Amino acid sequence: MRYRTRALLAGALLLCSTRPALAAVGSLGAMPPPRRAGHTLTFRNAQGSVAVTAVAPDIVRVRFVAAQSFGRDHSYAIAKRDFGDPGARFESDAQRSILSTSSLRVTLRHAPFRITFADAQGRILDQDDDERGMSFAGTQVKVSKRLRDDEHVLGLGEKNGRLDKRGPHMGGANYVMWTTDAYDYGDDSDPLYAAIPFYMIVRQGRAHGIFLDNTFRSFFDVGHESERRLSFGAEDGELDYYFIDGPDPKHVIERYTELTGRTPLPPLWALGYHQCRYSYYPESKVRYIADSFRVKRIPADVIWLDIHYQEGYNPFTWDPQRFPDPAKLTADLRRQGFRLVTIVDPHPKKQPGSVVYDSGLAGDHFVKNPDGSPFVAPVWPANAERNPGPSVFPDFSKPAARAWWGGLMKLYTDVGVAGIWNDMNEPAVFLDPWHSMPFDVRHDNEGQPTSHREIHNVYGQLMTRATFEGLLRHKPDERPFVLTRATFAGGQRWAAHWPGDNTSDWGHLRTSIPMLLGLGLSGYAFVGSDIGGFVGSPSAELLTRWLQLGVFYPFMRMHTAIGTDDQEPWSYGARHEEINRRAIALRYELLPHIYNTMHEASQTGLPPLRPLVLEFPSDERAYSVYDQVLFGRDLLVAPVLREAMHTRSVYLPAGDWYDFWTARRYAGGGRVELPVTLESLPIFVRAGGVVFRQPPVQHTGEIPGQPLDVSFYPAAESSASLYEDEGQGHGYLRGEFAQRRFSQKRVGGGVTIDVSAAQGTWRPSARRLRLRVLTDVAPGRVLLGGEPLPALSADNLARQARGYTRSADGFVVVELADRFDAFQLSLEP
Ligand code: GLC
C-alpha cells in the first residue's frame with residue numbers, strides 16, 4: 001500500500017552498489033611466506049593482508065583487508081570466541097603453507113595466493129577459484145570459490161526461491177544481504193527483511209558451512225556470473241569469514257550456532273497459538289476476540305496489539321480513548337488465559353516534553369546527521385490523524401542507548417504486557433529513495449563511529465538485543481519474548497522472526513516453506529510466517545490450509561493488514577471453523593513434542609522445522625522436495641498447498657513411515673499418492689519415532705495435570721528423550737526440569753520399553769502416563785516392571801490404577817500414574 005513503490009524503488013537502487021562503479025579490480029597476487037602467532041598465520045604484501053586462524057579443529061577463520069593492517073576485531077554476530085586449543089599444526093615452505101587440525105587440512109598457496117580446505121584425508125571440500133581467489137575493487141572485498149555441479153547450496157537466511165539456492169534454476173542467482181522493508185514482496189524479491197550471510201554446501205551428503213561476518217551490504221553470487229563459481233563479498237569492511245566443517249549438515253548448524261549463539265528456550269505460552277491483526281482496537285474489540293476464542297472453544301494463548309493502540313502511532317504511548325486502562329486489560333485477559341503482546345517500533349516521535357524523546361535527547365541516544373544533530377524523518381507517527389510529526393531513531397549500536405531503550409520496556413512490563421513486537425527495524429523510514437536512513441547518518445558502532453552503511457544490517461538485530469535485555473532486567477523471573485522483522489546473524493539469541501508482509505495467495509503459502517527452512521538452516525529456529533497472509537484476504541480454503549501448515553511453524557501467528565476482511569479462525573463459516581479449531585487443537589495436542597523440539601534447538605541449534613535433507617543428506621531426490629517438512633527428527637508433514645485438491649503426492653525417504661492418523665505403514669524410498677479432503681493434514685511418523693502428546697487444552701495454563709501420551713512406532717531399536725519443565729522462568733538453568741529417555745527394543749515378537757529415571761529436579765503435577773506401542777499383533781502378556789498387567793477395555797483403562805488395552809488401530813495402550821524413576825514395560829508374544 002502506501003509505501004510499496006518506495007520499497008520497490010529502494011530495492012532497485014540498492015541492487016546498484018553505493019560505491020563508485022568503476023573502481024579497478026585488484027587481485028591479491030603473490031604472498032611471501034607468513035608470520036605465525038599463536039594459531040594464526042598472517043600474510044602481507046603490497047596489496048593487502050590475510051590472517052588465517054584455527055579457531056577450533058573444525059572451524060577456521062579467514063580475514064582479508066586491502067591494507068597493511070587489520071581494523072578492530074569486533075563482531076555483532078559472534079557469541080563465542082574461545083573454543084579452547086584447536087590443536088593446530090603449521091608448516092611452510094616457499095610455495096605454500098599448511099594448517100592442519102584433527103579434521104581439516106588447509107593449504108595456503110603463496111603465488112598467486114589461494115586457499116584450499118580439505119578434510120584430514122586430503123579430500124577437497126572448498127577451494128578458491130583458480131583464476132580469482134580474493135580480490136578488491138574500491139572498498140569492496142570479495143572471494144571467488146569453485147562451485148561444482150554436484151554441490152547443493154543451502155541456507156542464506158531469508159531468501160525466496162527453492163531450497164537449493166543454486167537459483168533460477170541452475171542459471172544461478174546473486175543474493176544480496178541488506179535488511180529491507182519489502183512490503184508485498186514477490187516470489188523473486190531480494191533482499192528481504194533478514195540478512196544472514198551464512199550458507200552451507202552439501203556434496204554427496206558431506207557438508208561444510210561459510211559464515212561471512214561483515215555487516216555492510218554483502219552479496220552471494222551462486223553460479224550466476226559463472227556457473228563454476230560461488231563468489232561472496234561485501235561493499236566495505238573486511239572479508240572476514242569462517243569455514244565450518246561438517247561432516248554432516250547437522251554438525252555445521254550446531255557449530256555455526258555455537259559461534260553465533262542459539263535461540264533460548266521460549267516460554268511455553270509463546271509456542272501456543274497467537275492471534276493478531278493490524279489492528280485490534282479499541283479495548284472492547286480485544287475483549288470480544290478473547291471471549292470468542294473461549295466461547296467457541298478454539299485454543300489460543302496470545303492476542304497482539306498493532307500500532308493503533310498507540311496515541312498517534314507513537315511508541316510507548318497508549319491511546320487514552322481506545323485503551324484507557326491497559327493494566328486492567330492485561331489482568332483481565334490473564335484470567336482468561338491470554339497474554340498480550342504489543343508492537344514497539346524504533347521510531348519515537350520527535351516530541352519535546354515526552355519522556356522518551358526528552359530522555360533520549362538528554363542521553364545522546366539518537367542516530368545523528370553528519371553535522372551531529374539528531375536525524376529526524378517520517379515513519380508511522382507522521383501519518384497520525386491528529387498532530388502528525390516526524391520521528392527520531394535510537395542508535396542501538398551504542399551500548400548506553402541499548403540500556404536506555406531496555407529501561408523504557410518497563411513502561412510495558414509494568415502494565416502486564418507479556419512480550420514485545422519489534423517491527424520497522426530494517427530500519428524502515430518513509431524517505432525516498434532509500435526507504436531507510438540515508439547512508440551518511442552516523443552511528444556510535446560501540447565506540448568506533450561509522451556511517452549507516454555499516455550499521456544498517458544490524459540495526460534490527462541490535463534493537464531486539466536492547467529489547468530482550470530490557471525485558472529480562474524488569475522481569476528477571478520471566479523468559480523474554482520478542483518478535484522481530486529485521487535481523488542479522490546471531491539475532492536468534494534475542495528474538496523470534498517472521499518474514500514480514502507476505503500476501504494472501506497460494507504461492508505465498510507454498511514459498512513460506514523454503515523460506516522458513518532456509519532460516520532454520522541458518523541458525524534461526526524460532527520462525528513463522530503470517531498465517532493467512534498479510535496483504536489481502538484469503539479464501540476460506542486458503543486460510544484453512546495455512547492454519548494446517550501453521551501448526552508446524554515454530555512460531556504460529558495469524559495476522560492480516562489494515563482494511564482486510566475479518567481473519568479469525570471462525571470468520572469463514574461453520575465448516576471451516578470446525579476444521580480450523582481442529583488444526584489449532586492439534587498444535588496444543590503436540591505441544592509436549594513441540595516444546596521438546598524447541599528445547600533441542602536451544603541446546604544444539606537444530607531447527608524444529610527441517611528440510612528432509614537435514615535428516616537425509618545423502619538422498620539426492622530430497623533436495624528438490626520443499627513442499628513438505630520434517631518437524632524435529634520424527635514427524636514428516638505434507639500439508640495440502642494447492643486449491644481444490646483431491647490427492648496429495650508425498651515423498652517418503654528410505655525406511656518405513658507410519659500415517660499419524662491411521663497408523664498405516666508405508667514403505668519409503670519414493671512417492672505415495674494420498675486421497676485428501678479439506679480436513680486432511682498428512683503427517684507421517686518415521687519408523688522408530690517417538691511422539692509426545694497431551695489432550696488438547698484451551699491455553700497453556702491448562703496443561704498441568706493433563707496426561708502425557710508417548711507413542712512408539714516400530715523399529716528394531718530406537719529412543720528419544722523428552723524434556724519438560726515449568727514452561728516459564730529460569731529455574732531450568734539451575735536443574736529444575738525433568739528429562740528422561742524413552743527407548744524401545746523389538747526382538748522376535750516381543751517389545752521392551754525402557755523409561756529412564758528423570759534427570760533434573762522439577763516434576764509436573766500428578767498426572768497419568770499413557771504409553772502407546774504400535775504392534776502388528778496383540779501381545780500375549782504385558783508386564784510392567786515384571787508384573788503382568790490386566791487387559792482392560794478402553795473405557796475401563798482410564799478408571800483403573802494400571803492396565804492395558806489394544807486399540808483398533810493397533811496400539812497396545814498402557815496407563816499408569818506418571819512416575820519419574822526408571823521402569824520397564826515388556827510386551828510378550
Ligand atoms: C508492517 C508490519 C506489519 C504491521 C504493520 C503495521 O507492515 O510488517 O506486520 O501490521 O507494519 O504496524
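Within the range 166-176, identify whether any single residue is within 20 Å of residue 624 (Cα to Cα), under 23 Å from the mean Cα position of the chain (by Cα) and among the charged types (D, E, K, R), and answer yes or no. Yes, because at least one residue in the range 166-176 is within 20 Å of residue 624 (Cα to Cα), under 23 Å from the mean Cα position of the chain (by Cα) and among the charged types (D, E, K, R). Of all residues assigned to the range 256-263, none qualifies as being part of a strand (DSSP E or B), away from the ligand (no atom under 16 Å from the Cβ) and either closer than 28 Å to residue 132 by Cβ or in contact (Cβ under 8 Å) with a residue 60 or more places away in the chain (or both).
Every listed requirement among (1) within 16 Å of the ligand (Cβ to nearest atom); (2) of a type outside the set (A, V, I, L, M); (3) at pLDDT below 95 is met by residue 433 save one, (1). For the range 144-182, residues that are closer than 21 Å to residue 457 by Cβ, charged (D, E, K, R) and touching a helix residue (DSSP H, G or I) at 6+ places or on another chain (Cβ under 6 Å) total 3. With respect to residue 521, determine if the residue is touching a residue at least 40 places away in the same chain (Cβ under 8 Å), buried (at least 24 other Cβ atoms within 10 Å of the Cβ) and out of contact with any Phe, Trp or Tyr (no Cβ under 6 Å at 6 or more places or on another chain). In short, yes. Selection of first residues in the range 500-513 that are in contact (Cβ under 8 Å) with a residue 24 or more places away in the chain and of second residues that are of a type in the set (Ser, Thr, Tyr), restricted to Cβ pairs under 6 Å at least 6 apart or on distinct chains, gives the following pairs, ordered by first then second residue: 500/193; 501/183; 502/529; 504/537; 512/529; 513/626. For the range 325-356, the set of residues classified as assigned to a helix (DSSP H, G or I) and basic (Lys, Arg) consists of 328, 334, 335, listed by residue number. For the range 806-821, state whether one or more residues are of a type in the set (S, T, N, Q) and either within 37 Å of the chain's Cα centre (by Cα) or over 21 Å from residue 635 (Cβ atoms) (or both). Within the range 806-821, not a single residue is of a type in the set (S, T, N, Q) and either within 37 Å of the chain's Cα centre (by Cα) or over 21 Å from residue 635 (Cβ atoms) (or both).
Restricted to the range 540-570, and to residues there that are without any contact (Cβ under 8 Å) to a residue 60 or more places away in the chain and more than 16 Å from the ligand (Cβ to nearest atom), the residue that is nearest to the chain's Cα centre (by Cα) is 547.
If you go through the range 373-387, how many residues are touching a residue at least 24 places away in the same chain (Cβ under 8 Å) and more than 16 Å from the ligand (Cβ to nearest atom)? So the count comes out to 6.
Within the range 495-525, the set of residues being of a type in the set (A, V, I, L, M), in contact with a Pro (Cβ under 6 Å, 6 or more places away or on another chain) and within 16 Å of the ligand (Cβ to nearest atom) comprises just one member, 515. Between 22, 9, 28, the distinction of being over 24 Å from residue 197 (Cβ atoms), at pLDDT below 95 and more than 33 Å from the chain's Cα centre (by Cα) belongs to 22 only. Quick check on residue 493: is it surrounded by fewer than 24 Cβ atoms within 10 Å (Cβ to Cβ), under 15 Å from the mean Cα position of the chain (by Cα) and touching a residue at least 12 places away in the same chain (Cβ under 8 Å)? Judged against the criteria, residue 493 is a match.
Filtering the range 270-288 to residues that are within 16 Å of the ligand (Cβ to nearest atom) and surrounded by fewer than 16 Cβ atoms within 10 Å (Cβ to Cβ) leaves only 285. From the list 215, 179, the one residue that fits, being touching a residue at least 60 places away in the same chain (Cβ under 8 Å), in a loop (DSSP other than H, G, I, E, B) and within 16 Å of the ligand (Cβ to nearest atom), is 179. Can you say whether residue 295 is under 29 Å from residue 727 (Cβ atoms) and within 16 Å of the ligand (Cβ to nearest atom), as far as the supplied structure shows? Taking the combined requirement at face value, the residue does not satisfy it. Restricted to the range 657-739, the set of strands (runs of 3 or more DSSP E) holding at least 2 residues that are over 24 Å from residue 547 (Cβ atoms) and under 25 Å from the mean Cα position of the chain (by Cα) comprises 717-724. If only residues of the range 354-399 that are under 28 Å from residue 448 (Cβ atoms) and aromatic (Phe, Trp, Tyr) are counted, the one that is nearest to the chain's Cα centre (by Cα) is 396. Entry remark, the range 357-368: residues being buried (at least 21 other Cβ atoms within 10 Å of the Cβ) and either at pLDDT below 95 or part of a helix (DSSP H, G or I) (or both) number 1 in total. Of the residues in the range 469-494, how many are away from the ligand (no atom under 16 Å from the Cβ) and either part of a strand (DSSP E or B) or closer than 13 Å to residue 195 by Cα (or both)? So the answer is 5. So which residues in the range 312-324 are within 15 Å of the ligand (Cβ to nearest atom) and either in a strand (DSSP E or B) or crowded, with 22+ Cβ neighbours inside 10 Å (or both), if there are any at all? 313, 314, 315, listed by residue number.
The values are calculated or read from the model by the stated rules, or taken from the named source; none is laboratory data. Keep in mind the model is a prediction, meaning the values are calculated, not measured. Using ideal geometry, Cβ is built from the backbone for each residue, glycine included, and neighbour counts are taken over all protein chains shown.
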